[in-house]
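The structure appears below as C-alpha coordinates.
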Amino acid sequence: GQQLNQSPQSMFIQEGEDVSMNCTSSSIFNTWLWYKQDPGEGPVLLIALYKAGELTSNGRLTAQFGITRKDSFLNISASIPSDVGIYFCAGRGGATNKLIFGTGTLLAVQP
Amino acid sequence: ETGVTQTPRHLVMGMTNKKSLKCEQHLGHNAMYWYKQSAKKPLELMFVYSLEERVENNSVPSRFSPECPNSSHLFLHLHTLQPEDSALYLCASSHGTGGGQPQHFGDGTRLSIL
(Lines give C-alpha, C1' and ligand atoms only; values in the text may rest on other atoms or scores of the structure.)
Protein backbone atom coordinates (compact mmCIF):
# COMPACT_ATOMS: atom_id res chain seq x y z
CA GLY A 1 0.00 0.00 0.00
CA GLN A 2 0.91 3.66 -0.06
CA GLN A 3 3.52 4.80 2.40
CA LEU A 4 4.77 8.14 3.60
CA ASN A 5 8.31 8.32 4.92
CA GLN A 6 8.84 11.29 7.19
CA SER A 7 12.25 12.31 8.43
CA PRO A 8 13.87 12.92 10.72
CA GLN A 9 11.97 11.07 13.45
CA SER A 10 13.16 13.59 16.02
CA MET A 11 15.22 16.74 16.30
CA PHE A 12 16.79 18.41 19.31
CA ILE A 13 17.90 21.95 18.54
CA GLN A 14 18.83 25.22 20.19
CA GLU A 15 16.50 28.19 20.16
CA GLY A 16 17.17 30.35 17.12
CA GLU A 17 18.23 27.53 14.84
CA ASP A 18 16.48 26.75 11.57
CA VAL A 19 14.74 23.39 11.12
CA SER A 20 14.04 21.27 8.06
CA MET A 21 11.98 18.13 7.74
CA ASN A 22 10.57 16.24 4.79
CA CYS A 23 8.17 13.60 3.61
CA THR A 24 8.48 11.29 0.63
CA SER A 25 5.88 9.05 -0.90
CA SER A 26 5.96 6.05 -3.18
CA SER A 27 3.15 7.57 -5.28
CA ILE A 28 2.46 10.88 -6.96
CA PHE A 29 0.40 13.13 -4.70
CA ASN A 30 -1.94 16.01 -5.59
CA THR A 31 -2.13 17.47 -2.09
CA TRP A 32 0.33 17.88 0.75
CA LEU A 33 -0.64 19.06 4.21
CA TRP A 34 1.50 19.87 7.22
CA TYR A 35 0.12 19.64 10.76
CA LYS A 36 1.53 20.33 14.23
CA GLN A 37 0.38 18.47 17.32
CA ASP A 38 1.04 19.85 20.79
CA PRO A 39 0.98 17.52 23.80
CA GLY A 40 -2.57 16.66 24.83
CA GLU A 41 -4.10 18.26 21.75
CA GLY A 42 -5.14 17.27 18.27
CA PRO A 43 -3.19 18.08 15.08
CA VAL A 44 -3.57 21.65 13.84
CA LEU A 45 -3.23 22.47 10.15
CA LEU A 46 -0.20 24.65 9.40
CA ILE A 47 0.09 24.75 5.61
CA ALA A 48 -1.76 23.20 2.66
CA LEU A 49 -0.11 22.70 -0.76
CA TYR A 50 -1.95 21.87 -3.98
CA LYS A 51 0.47 22.39 -6.89
CA ALA A 52 3.86 20.94 -7.74
CA GLY A 53 6.55 23.49 -6.99
CA GLU A 54 4.25 25.54 -4.77
CA LEU A 55 6.03 27.35 -1.96
CA THR A 56 3.81 28.63 0.86
CA SER A 57 4.67 30.44 4.06
CA ASN A 58 2.88 30.81 7.38
CA GLY A 59 4.91 33.13 9.58
CA ARG A 60 8.27 31.49 10.22
CA LEU A 61 7.11 28.29 8.55
CA THR A 62 7.62 27.57 4.87
CA ALA A 63 6.53 24.43 3.04
CA GLN A 64 7.11 23.30 -0.51
CA PHE A 65 5.36 20.83 -2.79
CA GLY A 66 8.18 18.95 -4.50
CA ILE A 67 8.52 19.15 -8.27
CA THR A 68 8.40 15.35 -8.57
CA ARG A 69 5.07 15.41 -6.65
CA LYS A 70 6.46 12.66 -4.45
CA ASP A 71 7.84 14.80 -1.68
CA SER A 72 7.30 17.86 0.46
CA PHE A 73 9.45 19.91 2.79
CA LEU A 74 8.75 22.01 5.87
CA ASN A 75 11.20 24.60 7.13
CA ILE A 76 11.00 26.54 10.39
CA SER A 77 13.23 29.56 10.71
CA ALA A 78 14.60 31.00 13.95
CA SER A 79 12.96 28.37 16.16
CA ILE A 80 11.46 29.33 19.52
CA PRO A 81 10.47 27.16 22.50
CA SER A 82 6.78 27.11 21.52
CA ASP A 83 7.70 25.35 18.27
CA VAL A 84 8.06 22.19 20.35
CA GLY A 85 5.67 19.45 19.26
CA ILE A 86 5.18 16.73 16.69
CA TYR A 87 4.95 17.75 13.05
CA PHE A 88 3.02 15.51 10.67
CA CYS A 89 2.89 15.53 6.93
CA ALA A 90 -0.16 14.18 5.14
CA GLY A 91 -0.68 13.59 1.47
CA ARG A 92 -3.41 12.60 -0.92
CA GLY A 93 -2.99 10.89 -4.25
CA GLY A 94 -1.99 7.59 -5.77
CA ALA A 95 -4.40 4.83 -6.67
CA THR A 96 -6.71 5.32 -3.68
CA ASN A 97 -6.64 9.14 -3.43
CA LYS A 98 -6.96 8.72 0.32
CA LEU A 99 -5.32 11.08 2.79
CA ILE A 100 -2.46 9.30 4.54
CA PHE A 101 -0.21 10.55 7.32
CA GLY A 102 3.49 10.34 8.05
CA THR A 103 4.79 9.03 11.37
CA GLY A 104 5.72 12.50 12.58
CA THR A 105 8.83 14.48 13.49
CA LEU A 106 9.28 15.26 17.18
CA LEU A 107 10.86 18.69 17.61
CA ALA A 108 12.47 19.74 20.89
CA VAL A 109 13.82 23.28 21.26
CA GLN A 110 16.19 24.13 24.04
CA PRO A 111 16.03 27.77 25.22
CA GLU B 1 -10.65 26.53 19.91
CA THR B 2 -10.43 24.29 16.86
CA GLY B 3 -14.12 24.15 15.94
CA VAL B 4 -14.14 20.41 16.61
CA THR B 5 -15.01 19.42 20.18
CA GLN B 6 -14.48 15.95 21.59
CA THR B 7 -15.76 14.56 24.88
CA PRO B 8 -14.67 13.13 27.16
CA ARG B 9 -11.01 14.14 26.99
CA HIS B 10 -9.96 11.11 29.02
CA LEU B 11 -11.66 7.76 29.52
CA VAL B 12 -10.63 4.75 31.55
CA MET B 13 -12.74 1.65 31.14
CA GLY B 14 -12.68 -2.05 31.76
CA MET B 15 -12.87 -4.58 28.99
CA THR B 16 -16.50 -5.39 29.74
CA ASN B 17 -17.74 -1.79 29.87
CA LYS B 18 -19.74 0.06 27.25
CA LYS B 19 -18.99 3.72 26.63
CA SER B 20 -19.33 6.29 23.85
CA LEU B 21 -17.08 8.99 22.50
CA LYS B 22 -18.68 12.15 21.20
CA CYS B 23 -17.54 14.63 18.57
CA GLU B 24 -19.21 17.86 17.53
CA GLN B 25 -18.06 20.23 14.79
CA HIS B 26 -19.04 23.89 14.45
CA LEU B 27 -17.39 24.51 11.08
CA GLY B 28 -20.28 23.78 8.74
CA HIS B 29 -18.47 20.75 7.33
CA ASN B 30 -20.28 17.80 5.81
CA ALA B 31 -17.70 15.06 6.33
CA MET B 32 -16.48 13.61 9.62
CA TYR B 33 -13.82 11.07 10.51
CA TRP B 34 -12.59 8.89 13.36
CA TYR B 35 -8.85 8.22 13.67
CA LYS B 36 -6.83 6.13 16.09
CA GLN B 37 -3.44 7.48 17.15
CA SER B 38 -1.01 5.08 18.79
CA ALA B 39 2.56 5.81 19.80
CA LYS B 40 5.10 5.75 16.98
CA LYS B 41 2.50 4.81 14.35
CA PRO B 42 0.86 6.92 11.65
CA LEU B 43 -2.66 8.09 12.23
CA GLU B 44 -5.01 5.22 11.39
CA LEU B 45 -8.24 6.15 9.66
CA MET B 46 -11.14 4.16 11.14
CA PHE B 47 -14.36 5.55 9.69
CA VAL B 48 -15.47 8.24 7.26
CA TYR B 49 -18.93 9.79 7.09
CA SER B 50 -20.05 12.05 4.27
CA LEU B 51 -23.47 13.71 4.48
CA GLU B 52 -24.25 11.39 7.40
CA GLU B 53 -23.62 8.26 5.32
CA ARG B 54 -20.74 5.95 6.19
CA VAL B 55 -18.50 5.89 3.14
CA GLU B 56 -15.47 4.15 4.55
CA ASN B 57 -14.81 1.49 7.16
CA ASN B 58 -11.18 0.46 7.25
CA SER B 59 -11.40 -3.09 8.61
CA VAL B 60 -12.20 -1.86 12.10
CA PRO B 61 -13.29 -4.53 14.64
CA SER B 62 -17.00 -4.61 15.38
CA ARG B 63 -16.36 -3.66 19.01
CA PHE B 64 -16.12 -0.11 17.58
CA SER B 65 -19.47 1.13 16.30
CA PRO B 66 -19.80 4.62 14.78
CA GLU B 67 -22.95 6.70 14.58
CA CYS B 68 -23.55 9.96 12.71
CA PRO B 69 -27.02 11.33 13.50
CA ASN B 70 -26.40 14.60 11.61
CA SER B 71 -23.59 16.43 9.87
CA SER B 72 -22.44 18.12 13.09
CA HIS B 73 -22.25 15.13 15.42
CA LEU B 74 -20.33 11.89 15.37
CA PHE B 75 -20.20 9.16 17.99
CA LEU B 76 -18.00 6.13 18.52
CA HIS B 77 -19.66 3.45 20.63
CA LEU B 78 -17.28 1.11 22.42
CA HIS B 79 -17.89 -2.32 23.95
CA THR B 80 -15.75 -5.25 25.08
CA LEU B 81 -12.55 -3.46 24.11
CA GLN B 82 -9.09 -4.98 24.38
CA PRO B 83 -5.95 -3.53 26.02
CA GLU B 84 -4.44 -2.87 22.57
CA ASP B 85 -7.32 -0.47 21.93
CA SER B 86 -5.78 1.99 24.37
CA ALA B 87 -4.89 5.05 22.28
CA LEU B 88 -5.82 8.62 21.45
CA TYR B 89 -9.00 8.72 19.37
CA LEU B 90 -9.23 11.77 17.16
CA CYS B 91 -12.25 13.15 15.37
CA ALA B 92 -11.87 15.35 12.30
CA SER B 93 -14.13 17.14 9.85
CA SER B 94 -13.82 18.66 6.39
CA HIS B 95 -15.73 20.13 3.46
CA GLY B 96 -16.31 16.95 1.50
CA THR B 97 -14.07 13.91 1.38
CA GLY B 98 -12.34 14.34 -1.96
CA GLY B 99 -10.03 16.84 -3.53
CA GLY B 100 -7.66 18.78 -1.34
CA GLN B 101 -9.96 19.79 1.47
CA PRO B 102 -7.90 19.68 4.68
CA GLN B 103 -9.24 17.95 7.75
CA HIS B 104 -9.64 19.84 11.01
CA PHE B 105 -9.07 17.82 14.17
CA GLY B 106 -10.44 17.84 17.68
CA ASP B 107 -8.17 17.42 20.71
CA GLY B 108 -9.00 13.75 21.02
CA THR B 109 -10.13 11.34 23.73
CA ARG B 110 -7.33 9.53 25.54
CA LEU B 111 -8.69 6.02 26.07
CA SER B 112 -7.16 3.55 28.51
CA ILE B 113 -8.42 -0.02 28.72
CA LEU B 114 -7.75 -1.81 31.98
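Quick check on my link table: of A:K51/B:K22; A:K36/B:K36; A:K70/B:K22; A:K36/B:K41; A:K51/A:K98, which ones sit more than 25 Å apart, alpha carbon to alpha carbon?
Details: A:K51/B:K22 36 Å; A:K36/B:K36 17 Å; A:K70/B:K22 36 Å; A:K36/B:K41 16 Å; A:K51/A:K98 17 Å.
As for pairs spanning more than 25 Å Cα to Cα, those are A:K51/B:K22; A:K70/B:K22.
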Completion exercise
So, over other residues within a Cβ distance under 12 Å of A:G104, counting Lys, Arg +1 and Asp, Glu -1, the net charge is +3
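Please work out the average accessible area per residue across the protein assembly as shown, using the 1.4 Å probe convention, and give it in Å². Walk me through the numbers before you get to the answer.
On the way: 10440 Å² over 225 residues.
I get 46 Å² per residue for the protein assembly as shown.
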Completion exercise
Percent antiparallel among DSSP beta bridges confined to chain B, rounded to 5, stands at 90 percent
Fill in the blank from the handout: The summed charge of the B:Q37 Cβ neighbourhood (under 15 Å; Lys/Arg +1, Asp/Glu -1) stands at 0
Fill in the blank from the handout: Note to self: C-alpha centroids of region B:27-60 and region B:68-114 sit apart, in Å, by 6 Å
Completion exercise
DSSP beta bridges in the protein assembly as shown: the antiparallel percent, rounded to 5, is 90 percent
Exercise for the section: Roll a 1.4 Å probe over the protein heavy atoms and report the accessible area of B:H104 in Å², nearest 10. Expected result: 60 Å²
Handout entry: Net charge over other residues, Cβ less than 15 angstrom from the Cβ of A:S82 (K, R count +1; D, E count -1)
Key = -3
Exercise for the section: For region A:27-42, just list the computed ³J(HN,Hα) in residue order, Karplus coefficients 6.51, -1.76 and 1.60, θ = phi - 60°, integers in Hz, with x standing in for Gly and Pro. Expected result: 10, 6, 10, 10, 8, 10, 10, 10, 10, 10, 10, 8, x, x, 10, x
Handout entry: Tail beyond 22 Å, pair distance distribution of chain B (Cα, percent)
Key = 26 percent
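Please compute the volume of the convex hull spanned by the alpha-carbon atoms of region A:6-89 and report it per residue in Å³.
Numbers: hull volume 7.6 nm³, N = 84.
Output value, Cα hull per residue: 90 Å³.
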Fill in the blank from the handout: Karplus ³J(HN,Hα) for region B:14-29 (6.51 cos²θ - 1.76 cosθ + 1.60, θ = phi - 60°; Hz, whole; x = Gly/Pro) runs x, 5, 9, 6, 10, 9, 9, 9, 10, 9, 9, 10, 10, 10, x, 7
Problem - Quotient of Cα Rg and 2.2 N^0.38 Å for the protein assembly as shown, N being how many residues it contains - result: 1.02
Exercise for the section: Mind listing the lone cysteines of chain B, meaning no other Cys beta-carbon sits under 4.7 Å from theirs? Expected result: B:C68
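The values are calculated or read from the model by the stated rules, or taken from the named source; none is laboratory data. Keep in mind that what you see is a predicted model, and the values were worked out from it rather than measured. Cβ: placed from backbone, ideal geometry, glycine included. Neighbour counts: every protein chain shown. Calculation scope for accessible area: heavy atoms of the full protein, side chains included, ligands and nucleic acids excluded. Shrake-Rupley method; radii C 1.70, N 1.55, O 1.52, S 1.80 Å.
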